[in-house]
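The values are calculated or read from the model by the stated rules, or taken from the named source; none is laboratory data. All of these numbers come straight from a predicted model, not from anything done at the bench. Cβ placement follows ideal geometry from the backbone for every residue including glycine, while neighbour counts extend to all protein chains displayed. The area values use the complete protein model at the heavy-atom level, side chains included, leaving out ligands, DNA and RNA. Shrake-Rupley method; radii C 1.70, N 1.55, O 1.52, S 1.80 Å.
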Amino acid sequence: MEKRIKIPKLEPAAYKALAGLESYMATVDIDGIMKELIKIRASQINGCAYCINMHTLDARKLGETEKRIYLLNAWREVEGLYSEEERAVLALTEEMTLIANGGVSDETYEQAKSLFSDNQLAQIMVAIITINGWNRMCIATLVQPD
């Protein structure tokens with residue numbers, strides 16, 4: 001594998017801006033495990049090994065089960081393992097991460113809106129946007145899992 005640029009070293013202000021979104025996410029009203037499910041699912045879709053590794057470990061530290069982590073990429077097929085709220089967030093995560101496939105459907109948006117306050121929905125969307133930014137930076141620069 002060839003070495004690639006290190007954005008944090010070359011453009012620390014840009015890295016700090018993305019890290020600022022991550023710091024903001026630590027202050028929001030979203031459950032910690034829910035945030036990690038967002039991060040893991042988006043990272044699975046994007047194929048970011050570094051982020052998958054980091055966020056599965058972080059989820060386990062918060063008490064997430066291995067079963068739920070292992071089955072996350074097949075959450076639609078599993079009944080009773082993920083709550084209605086988690087399923088709505090996972091659908092939104094998938095559609096926002098794969099935004100070029102038709103955007104966010106009205107059905108997915110309305111389901112999430114029915115389960116969360118407007119502020120919580122905004123926070124969830126920012127969480128999805130943030131992890132997608134991290135995924136793209138790590139994949140483009142070949143950041144490897146620890």
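Can you tell me how many residues within region 77-101 are in contact with a helix residue (DSSP H, G or I) (Cβ under 8 Å, 6 or more places away or on another chain) and either open to solvent by 90 Å² or more (accessible area, probe 1.4 Å) or farther than 12 Å from ARG41 by Cα (or both)?
6
Could we say that LYS9 is farther than 20 Å from VAL89 by Cα and among the basic types (Lys, Arg) here?
Details: farther than 20 Å from VAL89 by Cα: yes; among the basic types (Lys, Arg): yes.
When the stated conditions are applied, LYS9 passes them.
Is there any pair linking a residue in region 28-42 that is farther than 10 Å from ILE52 by Cα and touching a residue at least 12 places away in the same chain (Cβ under 8 Å) to one that is crowded, with 24+ Cβ neighbours inside 10 Å and small (Gly, Ala, Ser), with Cβ under 8 Å and at least six apart or on different chains, and which?
If the second residue must be crowded, with 24+ Cβ neighbours inside 10 Å and small (Gly, Ala, Ser), the pairs left are VAL28/ALA127; ILE30/ALA127; LYS35/ALA127; ILE38/ALA127.
May I ask you to say which residue of ARG60, ARG136, ARG87, ARG41 is out of contact with any Leu (no Cβ under 8 Å at 6 or more places or on another chain), under 24 Å from TYR15 (Cα atoms) and among the charged types (D, E, K, R)? Steps first, please.
Values: ARG60 fails: under 24 Å from TYR15 (Cα atoms); ARG87 fails: under 24 Å from TYR15 (Cα atoms); ARG41 fails: out of contact with any Leu (no Cβ under 8 Å at 6 or more places or on another chain).
It is ARG136.
Are there any pairs, at least 6 apart or on different chains, whose C-beta atoms fall under 6 Å, with the first in region 72-89 and closer than 19 Å to THR56 by Cβ and the second of a type in the set (Ser, Thr, Tyr), and if so, which?
TRP75/TYR82
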